[in-house]
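Down below is the structure, laid out as structure tokens.
The values are calculated or read from the model by the stated rules, or taken from the named source; none is laboratory data. What you see is a predicted model, and the numbers here were worked out from it, not measured in a lab. Cβ placement follows ideal geometry from the backbone for every residue including glycine, while neighbour counts extend to all protein chains displayed. These area figures cover heavy atoms from the full protein model, side chains too; ligands, DNA and RNA do not enter into them. Shrake-Rupley method; radii C 1.70, N 1.55, O 1.52, S 1.80 Å.
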Amino acid sequence: MSKQTVGVLALQGDFGLHCRMIERLDARPSLVRTVENLREVDRLIIPGGESTAIQLLIDTFNLREPLLEFGRRRPVWGTCAGLIVLSDSVDDPAIHPLKLIDISAARNAYGRQIDSFIDEGTACIHAVTQPFQMVFIRAPKIVSLGSHVTPIAHCRGEVVGAMQRNVLVTAFHPELTDNPAFHEFFLELDAVSL
Amino acid sequence: MLKDSSWKLKVGLAEMLKGGVIMDVTTAEQAKIAQDAGAVAVMALERVPADIRKQGGVARMASVEVIAQIKQAVSVPVMAKCRIGHFAEAQVLEALEVDYIDESEVLTPADEEFHVDKWRFKTPFVCGCRDLGEALRRISEGAAMIRTKGEAGSGNIVEAVRHMRIVMSHIRRLQGMNPDELKREAQEMKAPVEVVEETAHLGQLPVPNFAAGGIATPADASLMMQLGAQAVFVGSGIFKSSDPPARAKAIVQATTHFSDPRAVLEASRPLGAPMDGLDIRDIPEENLLQYR
């Protein structure tokens, strides 16, 4: 089987760390900055970064429609800022999210950088619940989930990861740890047939 | 090196800023303009470097009131500068919960022998450098992000280019060295051998490596990114230009698409005049900020 190509949205953020994890799993990372780049990938990660900047650049470079089209079928995963970009609604009126997953998100909900933290949570991957070290940096919270959304990660009593068909979101940063379990899981996610 | 969870969080935030532009602001209004233009963070200071250079006097940490207003005005991380060695200013900034502290040569140094012991803080620090030794010494003091010093407030990119090239080529030389040679390099640079070894092993600084000091145009940002910077700081370049919102947006776009000349061209089109620039040779040596 030829290596699969995993797109990483590289407008701004920690896209390089996602690429490193994808290489470790013997898949091929591909930076996505244009519509043409997006056509060449099978699945897409929207990395951590600043959601205001990422959103502005999505609109400046006319990526909103192509991303919506891509996200209707193909596997997409948003970490931290990526979660905000993919969500259905955000507590900040300056953000117009892509509404690809039925959750509402609250930005910087744990506080400022001084409140960033690392803690052990649990992740349910392939129906097996396992401990997972989770890094939260000025992280958002998932404040509500629609009925078709499955919670897949918990930390400090809250849902910090969720999934709806082909769309995965995590409020934390698996790419900042040495554990590739989430990346492995994402690489196995199926596209949705329409 | 100490790699506890606090260190991971400090470097982690710097990772999130990569590919972005951090803009100097002196008021809440400027901070809003910066955020709306796509800044990934703002740097709060009392005066932009070009004004510090012109007006002289002692440049200190920004007023806490202004920093608080800036924190209120934007959702992106807020950084602020403290004077080199002024750990009490840094403590105040930490108590104020700024997201990053820049121990900066742009302000008047408070201590000519010691830098702040950055390990004592939970708030991450960025420091400037002119060469690899300076970068690694700052990292060993606890800096979680390094930037070139360049020559702040000059509108002239030449010093930032020099500093980035020196750092990158020195790292490439380290990569070809054996353990004995690395040990000697560490002694010459007055940096801990473990940090030198780690840099050689990684082929890059052990923390994010950003550019600062003299960036005034979209092409300047592209140049620094192509030379190896992972993000850029723009100081006087935005709010000393004729059309700050347009210039801020243009530099953000050029930083994302730094390797695509046509995108940098597109970003450069709708711009007014850049800030005035200074020839470094016209600045008296005692007024150069980079030697602080």
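Structure notes:
- Pairs beyond 28 Å (Cα-Cα), from B:8/B:71; B:10/B:149; B:122/B:183; B:81/B:190; B:71/B:190: B:122/B:183; B:71/B:190
- With the convex hull drawn over the C-alpha atoms of the range A:56-194, the volume per residue is 115 Å³.
- Full extension of the chain segment joining residue B:91 with residue B:119 gains 8.8 nm, where the gain is 0.36 nm per residue of separation less the Cα-Cα distance.
- A straight chain from residue B:262 to residue B:141 at 0.36 nm per residue would run longer than the Cα-Cα distance by 39.4 nm.
- Theoretical ellipticity at 222 nm over the protein assembly as shown - DSSP helices of four or more residues, -39500 (n - 2.57) apiece, nearest 500: -10500 deg cm²/dmol
- Local electrostatic count at residue A:26 - Lys and Arg +1, Asp and Glu -1, tallied over other residues with Cβ under 14 Å: +1
- All C-alpha to C-alpha distances of the range B:34-77, sorted into 5 Å bins beginning at zero, yield P(r) values of 5, 20, 25, 21, 18, 10, 2 percent in whole numbers.
- Chains B and A, summed buried accessible surface - 1.4 Å probe, Å², nearest 100: 2700
- Legend: residues in the range A:100-142 shielded by at least 40 square angstrom of accessible surface upon adding the remaining protein chains to the isolated chain (1.4 Å probe, heavy atoms) are A:112, A:113, A:114, A:118, A:137, A:138.
- The range A:165-182 - phi-based ³J(HN,Hα) in whole Hz, Karplus 6.51/-1.76/1.60, Gly and Pro as x: 6, 8, 10, 10, 9, 9, 7, 9, 10, x, 5, 8, 10, 9, 8, x, 4, 5
- Here the protein assembly as shown exposes an accessible surface that is 48 percent carbon and sulfur, computed with a 1.4 Å probe and the other protein chains kept in place.
- Approximate spin-label separation residue A:89-residue A:188, in nm, with each point projected 7 Å along Cα-to-Cβ: 3.5
- Each label point was placed 7 Å from the Cα along the Cα-to-Cβ direction; for residue B:184 and residue A:158 their separation is 5.5 nm.
- C-alpha center-to-center spacing [the range B:229-259, the range A:125-185] in angstrom: 34
- Projecting the alpha carbon convex hull of the range B:22-173 along each direction and taking the average yields 9.1 nm².
- For the range A:1-112, the solvent-accessible area with a 1.4 angstrom probe is 38 square angstrom per residue.
- Heavy-atom surface of the range B:145-292, accessible at 1.4 Å and reported per residue (Å²): 44
- Centroid-to-centroid, using Cα positions, the range B:116-169 and the range B:1-33 are 14 Å apart.
- The residues of the range B:13-76 expose on average 34 square angstrom of accessible surface per residue, using a 1.4 Å probe on protein heavy atoms.
- Beta bridges by DSSP in the protein assembly as shown, antiparallel share as percent, to the nearest 5: 35
- The range B:68-177 - charge dipole about Cα centre, Lys and Arg +1 at Cβ, Asp and Glu -1, debye rounded to 20: 500
- Descending principal axes extents, the protein assembly as shown, alpha-carbon based, whole Å: 69, 54, 42
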